[in-house]
Amino acid sequence: FRTTDGGATYAQVAKLTASDAALYDEFGSSVAIAGGTVVVGTSAKDSYTGAVYVFRTTDGGATYAEVAKLTAADAASGDDFGISVAIAGDTIVVGTENKEAAYVFRTTDGGAT
């Protein structure tokens, strides 16, 4: 949503969905935004293994494209990967609930992928 009147009203500008969305994935269980990048957690994906989707805009937020799907290299059912997410610059940190770990991802191409 975006406001043009100082916050009195907001208008929807986009709807983000995962390319491989499935019922009960809990897409949107966590969300972070920085600049033109939106990071969305889906902690229930694939029997609560979890995943995180990265979306980018190149037109000021009129449209967003999915550019990456992040998963843990040691993923297991019940991890809840993506229960929390944070983004700062080219770095994304993803939390898990049952793995007792946080995973750090860094882009090397300015977030294009």
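The values are calculated or read from the model by the stated rules, or taken from the named source; none is laboratory data. Values in this document were obtained by computation on a predicted structure and should not be read as measured data. Cβ sites come from the backbone with ideal geometry, for glycine too, and all protein chains shown count toward neighbours.
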Cβ-Cβ under 6 Å pairs, at least 6 apart or on other chains, the range 35-55 side surrounded by 20 or more Cβ atoms within 10 Å (Cβ to Cβ), far side assigned to a strand (DSSP E or B) and of a type in the set (Ser, Thr, Tyr): Val40/Tyr53; Gly41/Ser29; Gly41/Ser30; Ser43/Ser29; Ala51/Thr42
All positions within the range 1-34 that are surrounded by 13 or more Cβ atoms within 10 Å (Cβ to Cβ) and among the charged types (D, E, K, R): Asp20, Asp25, Glu26
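Residues in the range 34-62 that are part of a loop (DSSP other than H, G, I, E, B), under 15 Å from Ile87 (Cβ atoms) and of a type in the set (Ser, Thr, Tyr): how many? Show your work before the answer.
Filtering the range 34-62 for residues part of a loop (DSSP other than H, G, I, E, B) gives 35-36, 43-44, 49, 57-62.
Those left that are additionally under 15 Å from Ile87 (Cβ atoms): 35-36, 57.
From what's left, of a type in the set (Ser, Thr, Tyr): 57.
Here the count works out to 1.
Within the range 56-78, track down each residue that is polar (S, T, N, Q) and surrounded by fewer than 16 Cβ atoms within 10 Å (Cβ to Cβ).
Going through the range 56-78, the residues polar (S, T, N, Q) turn out to be 57-58, 63, 71, 77.
Selection gives Thr58, Thr63, Ser77.
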Hits in the range 79-111 - residues which are over 16 Å from the mean Cα position of the chain (by Cα), surrounded by 14 or more Cβ atoms within 10 Å (Cβ to Cβ) and of a type outside the set (D, E, K, R): Asn98
The range 63-90 residues that are touching a residue at least 24 places away in the same chain (Cβ under 8 Å) and part of a loop (DSSP other than H, G, I, E, B), paired with ones that are of a type in the set (Asp, Glu) and surrounded by fewer than 18 Cβ atoms within 10 Å (Cβ to Cβ) (beta carbon under 6 Å, 6 or more apart): Asp80/Glu97; Ile83/Glu97
Members of the range 78-100 that are modelled with pLDDT under 95 and either over 16 Å from Ser29 (Cβ atoms) or of a type in the set (A, V, I, L, M) (or both): Gly89, Asp90, Glu100
